[in-house]
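Notes follow once the structure below has been shown.
Quick note: the coordinates plus some simple rules give every number you see, no bench work behind them. Here the structure is a predicted model, which is why all the values come from computation and not from measurement. Because the Cβ atoms are built from the backbone with ideal geometry, glycine has one as well, and the counts that use them run over all protein chains shown.
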Amino acid sequence: MGGDSLCVTKGVVSRIEMQEYAQAGARLLAIQIDAAINPGNSGGPVVNEEMEVIGVAFQGIDEESIENVGYVVPVSVMRHFLEDVRRHNGNYTGFCHLGVDICFLENVAFRNYLKLGVNNEDYPESVNGAPKRKKRVTGVMVRRVQPTSGSYGILRNMDVIMAVDGIPVGNDGKIPFRRGERVDLSCYVSSLFDGDEARVTIWREGNVMDVQIPLLPVKHLVPSHFNNKPPPYLICSGFVFTALSVPYLNAKGAWDDYYTDNVSYLLGLANSPLEKDGDEVVVLAQVLAHKANLGYENYVDLHLIKFNDVEVRCLRHLHELISESTGPFMKFEFAPKEGGRLIVLDRALNDQATNDVCAEHSISTCFVSYDSE
């Protein structure tokens, strides 16, 4: 932006902490700098005064009231990516997570409710003869364990995570980082790899215990991307179904000042846990006009929950249900379960109607999915 020649800018490090990576949809360690990052200088190397590469410039903040705020992918994150690819024969698996939702324990009443006082381990006596002090129990409380995470069946609701691999966790969920600095616990967990195990020290019902947790990459019901591929879709009698994703919500203006009730409902699903591998939120995204779908042309941004009274798990499952259906009608039920929209189509006319729509819009295939890859 602003020219064609080499662009160089200079700034200072404002902070180092966990940030949301907009393109990856992951929360990872990032360096904030006061040098502006715009289209054209993102993706370039960031060097220190010794001309050593310390990261890659990758994103800024898209708000008019904020200036000179940019973010850098640190070398540690880049090395993790390269090592992950090396370990898995050229495949990238992602960054690991404990897979738990937590509550901070900074409130005294909260800690007292959990009976978090002091443990039986004393600090060693100081050199000046001061009396010994009890070591306080600190940590964060588990509120929910994601069903597809390695913590499922090991950690429980109301467990307090005190330490991970011997690293103490504060009541604010932070751990020691550099001298005089602290960072979120997820910073350490994300530095580990798929297949590693973490020794987690927990406080459970007044007892301290260690548990081993296998680490897995983060999986979401609503994905942040499709690995640089176009979104999946299924066309049925002109109805275009797709899997709900963050780019879909962005395109619908879900985070803007105004959005429809249907989009508001879909936005509420963005942080829902993944109950079972392969599950997706199937959405009716568009209606391509055909006489078979007459009267349904205004149905859009609807969450499909059932087809012919069978709950729909994902786009591929819907495709299988449609292909195997033999009755005279096809019934699509949309959220909410009570009082949601209903679509009924003639099964005998579906194949021809689908072929007509695809031919009219130059669509080569009526179904694209990546869940089997």
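Here are a few things to note about the model shown:
- Sparse-neighbour loop sites [trypsin sites (Lys or Arg not before Pro); segment 161-195; at most 11 other C-beta within 10 Å; DSSP]: Arg178, Arg179
- Each Lys or Arg adds one and each Asp or Glu subtracts one; over the other residues with Cβ under 9 Å from the Cβ of Pro147, this totals 0.
- Amide hydrogen neighbours beyond the local backbone of Ile54, cut-off 5 Å, H modeled: Val46, Val47, Asn48
- Each listed q (0.06, 0.11, 0.15 Å⁻¹) maps to a log10 I(q)/I(0) for the chain, found by the Debye formula over equal Cα scatterers with no solvent: -0.33, -0.97, -1.32.
- Approximating the spin labels as points 7 Å out from Cα along Cα→Cβ, the Arg136-to-Tyr259 distance works out to 4.0 nm.
- Placing +1 on the Cβ of every Lys and Arg and -1 on the Cβ of every Asp and Glu, with no other charges, gives the chain a dipole of roughly 1280 debye about its Cα centre.
- GNM top mover of Gly94, Gly327, Gly206 - the chain, alpha-carbon springs below 10 Å: Gly327
- Taking the empirical scaling 2.2 N^0.38 Å for compact globular proteins as reference, segment 240-283 has a Cα radius of gyration ratio of 1.17.
- The chain, relative contact order in percent, only Cα pairs under 8 angstrom and at least six apart counted: 11
- Qualifying trypsin sites (Lys or Arg not before Pro) for segment 291-373 [loop in DSSP, other Cβ within 10 Å: at most 14]: Lys337
- The length gained on full extension between Ser76 and Asp172, counted as 0.36 nm times the residue separation minus their Cα-Cα distance, comes to 32.2 nm.
- Shape analysis of segment 226-323 places it in the oblate category; the axes a ≥ b ≥ c from the Cα gyration tensor give an a/c of at least 1.5, with a/b not above b/c.
- Taking Cβ atoms as reference points and 10 Å as the exclusive limit, the residues near Phe329 contribute a net charge of +1, counting Lys and Arg as +1 and Asp and Glu as -1.
- Residue-by-residue Karplus 3J(HN,Hα) for segment 267-277, coefficients 6.51, -1.76, 1.60, Hz, glycine and proline x: 4, x, 8, 4, 9, 5, x, 7, 6, 8, 3
- Given 13 as the ceiling on other Cβ atoms within 10 Å, longest exposed-site-free region of the chain for chymotrypsin sites (Phe, Trp or Tyr not before Pro) in DSSP loops: 93-225
- Checking the Cα-Cα distances for Lys252/Lys337; Lys10/Lys174; Lys229/Lys276; Lys219/Lys331; Lys252/Lys306; Lys10/Lys219 against a 26 Å cut-off, the pairs over it are Lys10/Lys174; Lys219/Lys331; Lys10/Lys219.
- Applying 1/(1 + (r/R0)^6) with r as the Cβ-Cβ distance of Val53 and Glu106 and R0 = 56 angstrom yields a FRET efficiency of 0.90.
- Distances between placed amide hydrogens fall under 5 Å for Ile102 paired with Arg143, all partners being 5 or more residues away or on another chain.
- Taking label positions 7 Å along the Cα-Cβ direction at both Asn89 and Glu320, the computed distance is 2.6 nm, reported to one decimal.
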